[in-house]
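Remarks on the structure that follows.
What follows is calculated from the coordinates using simple rules that are stated; it is not laboratory data. The structure displayed is predicted, hence computed values, not measured ones.
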Amino acid sequence: MKIFIYVLMVLALGLIVFNATLLDFDGLFQGDSQIAMIGILAAACVLVLLTILLISRRIAGKK
């Protein structure tokens, strides 16, 4: 399970990088840039949630 979580984290990082290449800084909230911003935000949320999951599993293992 631990390896699966790390694989998901790497995929989320890949999505952040991919969506960052789609950003148009002249119009961040228009067209494809808006979709890329939503994708970056969603992938960042996934990273935070997976990090919380790893920490909680580590704490549960110490009990």
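Taking the C-alpha atoms only, the angle from helix 2-21 to the longest principal axis of the chain is near 10 degrees.
Taking each residue as 0.36 nm, the span from F18 to C45 lengthens on full extension beyond its C-alpha to C-alpha distance by 8.1 nm.
Considering helices alone, the calculated mean residue ellipticity of the chain at 222 nm is -29000 deg cm²/dmol, with DSSP H runs of length four and up weighted by -39500 (n - 2.57) and normalised per residue. Rg/Rh for the chain (Cα atoms only, Rh after Kirkwood) is 1.17.
Available extension along the chain between I38 and I52 is 2.9 nm, counting 0.36 nm per residue and deducting the alpha carbon span.
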